[in-house]
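*Asks:* Pasting a structure here, questions to come.
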Amino acid sequence: MLEARQLTKEYQSGDHRIAVLRDVSFAIPEGAFVAIVGPSGSGKTTLLGLLAGLDLPTTGSVLIAGDDLGKLSEDRRAQLRGAKVGFVFQSFQLIPTLTALENVQVPLELRGDDGAPARARELLARVGLGDRAHHFPNQLSGGEQQRVAIARAFSNSPRLLFADEPTGNLDSETGARIVELLETLNRESGTTIVLVTHDLQLARRAQRIIRLADGAVVSDAPSAPAGDRASGPVATSAALEG
Amino acid sequence: MAVRTTQLLRLAWRESRTARRRLLLYMSSISLGVGALVAIDSFASNTQRSVREQARALLGGDISLTTRLPNYPKPVIYALDSLNHEGVKLAQVSTFGSMALVERTGNTRFSQVRAVTELYPLYGEITTSPANQWSRLQQGRYALVDPSLLVALDARVGDTLTLGFARFIIIGTLVNVPGDVAVTSAIGPRIYIPERYLAETSLLAFGSRVEHETVLKLTPQLPPQRFIFRFKSRLEEAQVRYRTAAQTEFNLTEAIDQLRDFLGVIGLVALLLGGIGVASGVNAFVMRKIDTVAILRCLGATSGQVLTIYLLQAAAMGLIGAAAGALLGVVLQLALPNVLADFLPVDVSVSVEPTAVGMGLLVGLWVALVFALRPLVALRNVSPLQTLRRESDAEALRGAKFDPVRVLIALGIVLSIVGLGVARAENPREGLGFSVAIALAIALLFAAASAMSALARRVVRPRWPFVLRQGVASLYRPGNQTRAVVLALGFGVFLMSTVYQVQRNLLRTVSVKVDASRANVVFFDVQDDQGAPLDSLIRAEGYAVVQRTPLVPMKIASINGVSSANIVGDTTRGQRRRAGWAMRREFRSTFRNEIVPSERVVAGKFHTGGTPASTLPAVSVDKGVADDLKLAIGDTIVWDVQGVRVPTRVTSFREVNWTRFEPNFFVVFERRAIEDAPKQFVLLADVRGPNAVARLQRDVVTHFPNVSSLDLTLIQQTVSRVLDRVTAAIRFLAGLSLALGVPVLFSAVSATRRERLREGVLLKVLGATRRQVGRIMLSEYLLLGALGSIVGIVLSIGGAWALMHFVFKQPFVPAVVPALGVALAMIGVSVSIGLLTGRDVFRETPMAALREA
């Protein structure tokens, strides 16, 4: 479903070149639930941007369902996102001037879908916010806003969903419920989920963990259950968490 | 599934929810400009339509024949008699100036007398007060007068009016005379009398200036063109001028076109300033939308879709702004005829002109969109990455170094400005000239603003108080609105100040002229045998006669041996041809052997007398006339002085200062040439003392009824009153210029609102008191205001100088006080708007503001 091939990303800073990502490669099959973890500064946000086609790598390539993102124009990538990719952000990123229902409709409307309102209502009900459809984001709590964002992310039946620190702005209880929701949707719809986080606890809810440190993949293994302090790369990363 | 425009429209509408009011405010910058253009165009259309409808009433007939000869030549009289048999109706009016005396009060006033025959006017209606007195006029020795005359003479309806040697009873005042421009009645109030008593007045003596006009109402069998064809040669030979209603209509509509062009310039400038306001405001709007755009891009929107959404919002608001402007224009259009009524020869019937409104709407919308596009296209550069990691506004909007779309839009803006200028101008050159002038002014303002920004950065010193440093820093900080604010302010100041400078200078010239003369009363139409007696009378009453100037009417008979008829008929000489008007006109010349202060010899040598009788006497000719007549020093001119041929030689050219209020002459003869010719006199007297002038005038009229006199101080007062009306109109325009700047300024200033809010709040968090924050804001706006005003005033002095030098050809002295006044007003406006938009900084707690920002 999602493939990264020798991704590197460098930036020019003054007269140095800074390498944020170095030779990152991995493949994620369809339907998987994968977490990408690393401390701040490890390059995981940059990696997310490349994987989602929001940015282009310096070298290497990203393939989504077989399409090489590097070969597509900016607008074609946007359309691909609209068709196949969903997003959930740390800061929810809802459009403040639209109601919950209208926010969920946006991806559908951008593709000219006439059935947008009906589908949106269905999705909102699915995330438990059927009665808040006409509220604006500033009238909803953090957890509710994130649920709207998830409903929006699923509105175009994406094959791939990126979640960037989805629980970062939520208290632990709400956060847990959000992750549960993601897991449920992953099982029910078969959408591949890529979760980016610095929270190892959260990461362990995924089936597989890819660890980043200083711009390189340091481990890529199925996740161990919580509380299991194995040695090796996992332990090193845990120590790095501090 | 391709996205439908309706869906994008819906998204655009929904997304605009909180921004609508602000966007509308920015778009309303163009409303004033649209309003001005719609008002001006509608008014011009209304007036032209009224002119077309009333053309015949304006002229008084289908055709008007005029001559300044004492009588029509016989061929013309025969022709007119024959027309009577063909069913053509005729009416005559003879117009001349004369003193009017009311015996009861003893007051006199120089007036314009019109002696009319029975059928006058052939078209239109003259209304009077009391009503229907016009039909009575011919029934006796009656007169109908301008109400201003009654005031001037302290008279009433029923009083007896003396004109020359005849007496008339005033039976009413004039309310409306078609074709008359009301403001001229202030200069010479009108008196209508029946034509058959004209001879009784004995006013049409030797040398009087009178215009005889015959108006004709033609028949279907003899339309105007056929009439002209039949009589043209006879009329031209007899030096009778003819005009048709169509020509009158044409002349007037042309004049109205020119007025519209002139006023339209102001409207266009308003519109352009509005465009700048739109660009400023939309720039701020764009910065607030970066986050939303990033989200949309993540969700699959193409850059085209994003641009469409916000363009639709801008277009909708632009349409509302333009519509509001059009409505304003229609309202203004209702007011304009009242403001300009005194200067118009027609009664303007007001009606909405759909073309003008439509054009105004279209142009307004276009300008709004083209200026809004400039900041809007930057949204294309917003990367979806901003959802993950948000950079500063400026960084997020930055595009490639060379963006062809931005260049295209800039080109579009320039072409739009030029296109608008050319489309509204009389000819492409004028339009281009206007566009260039505007562009120059804007470029200068821009350059000045940029220079000041750069200077501010360099000039700031660490030891300055913090408040001042912050204020100065605001001039060059990233995302500063210095240029837009200076442009808006500077332009408003430039317009207003230029208007005041020119007005002051023009008024100065007028008042200086009148003060310079020592005399304050002029007597004219003084016959040859009245010269000495009048002189004695004036001296006897204890006043000084400053000047007694003789006046001899004459025409040119031949130049260098070639008769005037041959010269006029000679079509072969082309550019070297002697001007026809000069050859045919009547010259009123004087004789003296010395030069007077208002003249300056520029070629040859002025005659001083003492030349032997055998040589040709000398004449000195005004330079302008000499050029028109293609004269050279040494040429011989033979003059026809009342039938007597007087040969002369041209020995000098003079430059005459015609603006001085003294008798000035095109041709000055050596004394001996025409000393004994039949002449008139003009006397200038210095009459001081309360009511002295009125008393003297009355005495003169009693002894010499045909002698007219003018009180110069009265003239000055009248001229001032007329100028006051003009000044009022100018002040209105100046006020409009100031009003133009305000919404633009508002847009520009509120564009930086978020930044300032954040900054102010941060300062408060760091410990600044509200007073300190307030003083920083004050210093920022004081500086901006001062900057804009200074630049605007410097530009205005340049502009006013150019106008005075090239257009009015008068000296220029900068008027400091009005300039300072305008500057202070603008600074006040700038500070008020700044503090007004920034008041949130004072109102909210730091926490609330931070959350909101």
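*Asks:* If you scan the range B:446-469, which residues turn out to be crowded, with 20+ Cβ neighbours inside 10 Å and out of contact with any Lys or Arg (no Cβ under 9 Å at 6 or more places or on another chain)?
*Replies:* Hits for the range B:446-469 are B:Ala448, B:Met452, B:Ala456.
*Asks:* Taking the range B:296-308, which residues are assigned to a helix (DSSP H, G or I) and crowded, with 24+ Cβ neighbours inside 10 Å?
*Replies:* From the range B:296-308, those assigned to a helix (DSSP H, G or I) are B:296-298, B:303-308; that's our starting set.
Within the range B:296-308, B:Leu296, B:Arg297, B:Cys298 meet the criteria.
*Asks:* Hand me the list of helices (runs of 4 or more DSSP H) wholly inside the range A:45-134 holding 3 or more residues that are hydrophobic (A, V, I, L, M, F, W, C) and at pLDDT 90 or above.
*Replies:* On the way: elements: A:74-84, A:100-110, A:116-126.
Because the criterion is at least 3 residues that are hydrophobic (A, V, I, L, M, F, W, C) and at pLDDT 90 or above, the helices (runs of 4 or more DSSP H) in the range A:45-134 that meet it are A:100-110, A:116-126.
*Asks:* To continue, here is another question. For the range B:615-644, which positions are closer than 16 Å to B:Arg600 by Cβ and loosely packed, with under 14 Cβ neighbours inside 10 Å?
*Replies:* Hit for the range B:615-644 is B:Asp627, nothing else.
*Asks:* Here's a follow-up. Kindly indicate the residue of the range B:423-445 that is within 19 Å of B:Phe371 (Cβ to Cβ) and of a type in the set (A, V, I, L, M) and also surrounded by the most Cβ atoms within 10 Å (Cβ to Cβ) among those meeting that condition.
*Replies:* Residue satisfying both the conditions and the ranking: B:Leu445.
*Asks:* Condition (residue is touching a Pro at 6+ places or on another chain (Cβ under 9 Å) and surrounded by fewer than 19 Cβ atoms within 10 Å (Cβ to Cβ)) applied to the range B:365-388: is it met by at least one residue? If you could, list the steps in order and put the result at the bottom.
*Replies:* Residues of the range B:365-388 touching a Pro at 6+ places or on another chain (Cβ under 9 Å): none.
Checked against the condition, which is being touching a Pro at 6+ places or on another chain (Cβ under 9 Å) and surrounded by fewer than 19 Cβ atoms within 10 Å (Cβ to Cβ), the range B:365-388 yields no hits at all.
*Asks:* For the range B:421-456, which residues satisfy the criterion of being acidic (Asp, Glu) and either part of a helix (DSSP H, G or I) or touching a Phe, Trp or Tyr at 6+ places or on another chain (Cβ under 7 Å) (or both)? Talk me through it step by step, then tell me what you get.
*Replies:* At the first step, the residues of the range B:421-456 found to be acidic (Asp, Glu) are B:426, B:430.
The one that is acidic (Asp, Glu) and either part of a helix (DSSP H, G or I) or touching a Phe, Trp or Tyr at 6+ places or on another chain (Cβ under 7 Å) (or both): B:Glu430.
*Asks:* Pick out the one residue from A:Ala203, A:Ala213, A:Ala176, A:Ala149 that is among the hydrophobic types (A, V, I, L, M, F, W, C) and without any contact (Cβ under 8 Å) to a residue 12 or more places away in the chain.
*Replies:* It is A:Ala176.
*Asks:* Then there's this: Does A:Ala118 meet the test of being within 7 Å of chain B (Cβ to nearest Cβ), free of Cβ contacts under 8 Å to residues at least 24 places away in the same chain and of a type in the set (A, V, I, L, M, F, W, C)? Break it down into steps so the answer makes sense when it comes.
*Replies:* Values: within 7 Å of chain B (Cβ to nearest Cβ): no; free of Cβ contacts under 8 Å to residues at least 24 places away in the same chain: yes; of a type in the set (A, V, I, L, M, F, W, C): yes.
It is false that A:Ala118 is within 7 Å of chain B (Cβ to nearest Cβ), free of Cβ contacts under 8 Å to residues at least 24 places away in the same chain and of a type in the set (A, V, I, L, M, F, W, C).
*Asks:* Filter the range A:51-62 down to the residues that are crowded, with 23+ Cβ neighbours inside 10 Å and within 10 Å of chain B (Cβ to nearest Cβ) and list them by number.
*Replies:* Selection gives A:Ala52, A:Gly53, A:Leu54.
*Asks:* Which of the residues that make up the range B:59-85 are surrounded by fewer than 21 Cβ atoms within 10 Å (Cβ to Cβ), touching a residue at least 40 places away in the same chain (Cβ under 8 Å) and in a helix (DSSP H, G or I)?
*Replies:* Within the range B:59-85, B:Pro75, B:Ala79, B:Leu80, B:Leu83 meet the criteria.
*Asks:* Which residue pairs have Cβ atoms closer than 8 Å, lie 6 or more positions apart in sequence or on different chains, and pair a first residue in the range A:63-83 that is more than 7 Å from chain B (Cβ to nearest Cβ) and small (Gly, Ala, Ser) with a second residue that is part of a helix (DSSP H, G or I) and surrounded by 15 or more Cβ atoms within 10 Å (Cβ to Cβ)?
*Replies:* Note: pairs meeting the criteria are A:Ala65/A:Lys84.
*Asks:* Turning to a different aspect of this structure: Listed residues B:Thr18, B:Thr47; which is polar (S, T, N, Q), surrounded by fewer than 18 Cβ atoms within 10 Å (Cβ to Cβ) and either closer than 24 Å to B:Pro178 by Cβ or within 14 Å of chain A (Cβ to nearest Cβ) (or both)? Working first, answer last.
*Replies:* Numbers: B:Thr47 fails: surrounded by fewer than 18 Cβ atoms within 10 Å (Cβ to Cβ).
The unique qualifying residue is B:Thr18.
*Asks:* What tally of residues in the range B:389-402 results from selecting those that are of a type outside the set (Lys, Arg), more than 14 Å from every other protein chain (Cβ to nearest Cβ) and either exposed (fewer than 15 other Cβ atoms within 10 Å of the Cβ) or more than 23 Å from A:Ile95 (Cβ to Cβ) (or both)? Outline the logic, then answer.
*Replies:* Start the filter on the range B:389-402 by keeping residues that are of a type outside the set (Lys, Arg), which leaves B:391-397, B:399-400, B:402.
After this cut, where a residue has to be more than 14 Å from every other protein chain (Cβ to nearest Cβ) as well, the list is B:392-394, B:397, B:402.
Okay, now just the ones that are also either exposed (fewer than 15 other Cβ atoms within 10 Å of the Cβ) or more than 23 Å from A:Ile95 (Cβ to Cβ) (or both), so B:392, B:394, B:402.
Adding up the residues that qualify gives 3.
*Asks:* Given the criterion over 30 Å from B:Leu58 (Cβ atoms), more than 14 Å from every other protein chain (Cβ to nearest Cβ) and in contact (Cβ under 8 Å) with a residue 40 or more places away in the chain, identify the matching residue among B:Ala341, B:Ala326. Break it down into steps so the answer makes sense when it comes.
*Replies:* On the way: B:Ala341 fails: over 30 Å from B:Leu58 (Cβ atoms).
Checking each option against the conditions leaves just B:Ala326.
*Asks:* Go through the residues of the range A:80-101 one by one and say whether even a single one is in contact with a His (Cβ under 6 Å, 6 or more places away or on another chain) and either more than 20 Å from B:Leu385 (Cβ to Cβ) or among the acidic types (Asp, Glu) (or both).
*Replies:* Taking the range A:80-101 and keeping what is in contact with a His (Cβ under 6 Å, 6 or more places away or on another chain), we get A:99-100.
Adding the requirement that they be either more than 20 Å from B:Leu385 (Cβ to Cβ) or among the acidic types (Asp, Glu) (or both) leaves A:99-100.
Taking every residue of the range A:80-101 in turn, at least one turns out to be in contact with a His (Cβ under 6 Å, 6 or more places away or on another chain) and either more than 20 Å from B:Leu385 (Cβ to Cβ) or among the acidic types (Asp, Glu) (or both).
*Asks:* Something else about it: Determine which member of the set A:Val24, A:Val20 is within 14 Å of chain B (Cβ to nearest Cβ), surrounded by 14 or more Cβ atoms within 10 Å (Cβ to Cβ) and outside any loop (DSSP other than H, G, I, E, B). Explain how you work it out, then say what you get.
*Replies:* Details: A:Val24 fails: within 14 Å of chain B (Cβ to nearest Cβ).
Result: A:Val20 is the single residue among A:Val24, A:Val20 that is within 14 Å of chain B (Cβ to nearest Cβ), surrounded by 14 or more Cβ atoms within 10 Å (Cβ to Cβ) and outside any loop (DSSP other than H, G, I, E, B).
*Asks:* Same structure again: With the requirement that a residue be small (Gly, Ala, Ser) and more than 7 Å from chain B (Cβ to nearest Cβ), what does the range A:87-115 give you? Let's see the steps before the verdict.
*Replies:* The initial filter retains those residues of the range A:87-115 that are small (Gly, Ala, Ser), namely A:91, A:100, A:112, A:115.
Matches in the range A:87-115: A:Ser91, A:Ala100, A:Gly115.
*Asks:* Among the residues of the range B:399-420, are any of a type outside the set (A, V, I, L, M), within 30 Å of B:Leu803 (Cα to Cα) and part of a helix (DSSP H, G or I)?
*Replies:* yes
*Asks:* Test of understanding: among A:Leu129, A:Leu98, which residue is farther than 30 Å from A:Leu200 by Cα and either touching a Lys or Arg at 6+ places or on another chain (Cβ under 7 Å) or surrounded by fewer than 20 Cβ atoms within 10 Å (Cβ to Cβ) (or both)? Spell out how you get there, then give the answer.
*Replies:* Details: A:Leu129 fails: farther than 30 Å from A:Leu200 by Cα.
Being farther than 30 Å from A:Leu200 by Cα and either touching a Lys or Arg at 6+ places or on another chain (Cβ under 7 Å) or surrounded by fewer than 20 Cβ atoms within 10 Å (Cβ to Cβ) (or both) holds for just one of A:Leu129, A:Leu98, which is A:Leu98.
*Asks:* Using beta carbons and a limit of 9 Å, which pairs, at least six apart or on different chains, have the first residue in the range B:93-119 and more than 23 Å from B:Pro70 (Cβ to Cβ) and the second one assigned to a loop (DSSP other than H, G, I, E, B) and of a type in the set (A, V, I, L, M)?
*Replies:* That search, which allows pairs on different chains as well, returns B:Val102/B:Ala155; B:Arg104/B:Ala155; B:Thr105/B:Ala155; B:Asn107/B:Ala155.
*Asks:* Taking the stated definitions as given, is B:Ile320 more than 21 Å from B:Ser747 (Cβ to Cβ), touching a residue at least 24 places away in the same chain (Cβ under 8 Å) and either out of contact with any Phe, Trp or Tyr (no Cβ under 6 Å at 6 or more places or on another chain) or part of a helix (DSSP H, G or I) (or both)?
*Replies:* On the way: more than 21 Å from B:Ser747 (Cβ to Cβ): no; touching a residue at least 24 places away in the same chain (Cβ under 8 Å): yes; either out of contact with any Phe, Trp or Tyr (no Cβ under 6 Å at 6 or more places or on another chain) or part of a helix (DSSP H, G or I) (or both): yes.
Against the criterion (more than 21 Å from B:Ser747 (Cβ to Cβ), touching a residue at least 24 places away in the same chain (Cβ under 8 Å) and either out of contact with any Phe, Trp or Tyr (no Cβ under 6 Å at 6 or more places or on another chain) or part of a helix (DSSP H, G or I) (or both)), B:Ile320 does not qualify.
*Asks:* Another question about this same structure. Answer with yes or no whether B:Arg548 is among the basic types (Lys, Arg), under 36 Å from the mean Cα position of the chain (by Cα) and either in a loop (DSSP other than H, G, I, E, B) or surrounded by 17 or more Cβ atoms within 10 Å (Cβ to Cβ) (or both). Please lay out each step first, then the result.
*Replies:* Values: among the basic types (Lys, Arg): yes; under 36 Å from the mean Cα position of the chain (by Cα): no; either in a loop (DSSP other than H, G, I, E, B) or surrounded by 17 or more Cβ atoms within 10 Å (Cβ to Cβ) (or both): yes.
It is false that B:Arg548 is among the basic types (Lys, Arg), under 36 Å from the mean Cα position of the chain (by Cα) and either in a loop (DSSP other than H, G, I, E, B) or surrounded by 17 or more Cβ atoms within 10 Å (Cβ to Cβ) (or both).
*Asks:* Of all residues being over 19 Å from B:Ala447 (Cβ atoms) and surrounded by fewer than 23 Cβ atoms within 10 Å (Cβ to Cβ) in the range B:472-491, which is modelled with the lowest pLDDT? Just the residue, please. Lay out the reasoning, then the answer.
*Replies:* Going residue by residue through the range B:472-491, those that are over 19 Å from B:Ala447 (Cβ atoms) are B:472-474, B:477-479.
Among the residues that remain, those that are also surrounded by fewer than 23 Cβ atoms within 10 Å (Cβ to Cβ) are: B:472-473, B:477-479.
On the way: B:Val472: 80, B:Ala473: 80, B:Arg477: 75, B:Pro478: 68, B:Gly479: 64.
Only one residue fits best here, namely B:Gly479.
*Asks:* If a residue has to be away from chain B (no Cβ under 14 Å) and either closer than 19 Å to A:Asp113 by Cβ or buried (at least 20 other Cβ atoms within 10 Å of the Cβ) (or both) to count, how many in the range A:144-169 make the cut?
*Replies:* 3
*Asks:* Please find, within the range B:260-295, the residue that is farthest from B:Gly35 (Cα to Cα) out of those that are within 14 Å of chain A (Cβ to nearest Cβ), in a helix (DSSP H, G or I) and of a type in the set (D, E, K, R).
*Replies:* Only one residue tops the list, namely B:Asp291.
*Asks:* Any idea which of (1) polar (S, T, N, Q); (2) within 12 Å of another protein chain (Cβ to nearest Cβ); (3) outside any loop (DSSP other than H, G, I, E, B) is the one A:Gln12 doesn't satisfy?
*Replies:* In the conditions (1) polar (S, T, N, Q); (2) within 12 Å of another protein chain (Cβ to nearest Cβ); (3) outside any loop (DSSP other than H, G, I, E, B), A:Gln12 misses (2) alone.
The values are calculated or read from the model by the stated rules, or taken from the named source; none is laboratory data. Predicted model, so just to flag it, every value in this text is computed and none were measured. Glycine gets a Cβ as well: all are built from the backbone with ideal geometry, and neighbour counts include every protein chain shown.
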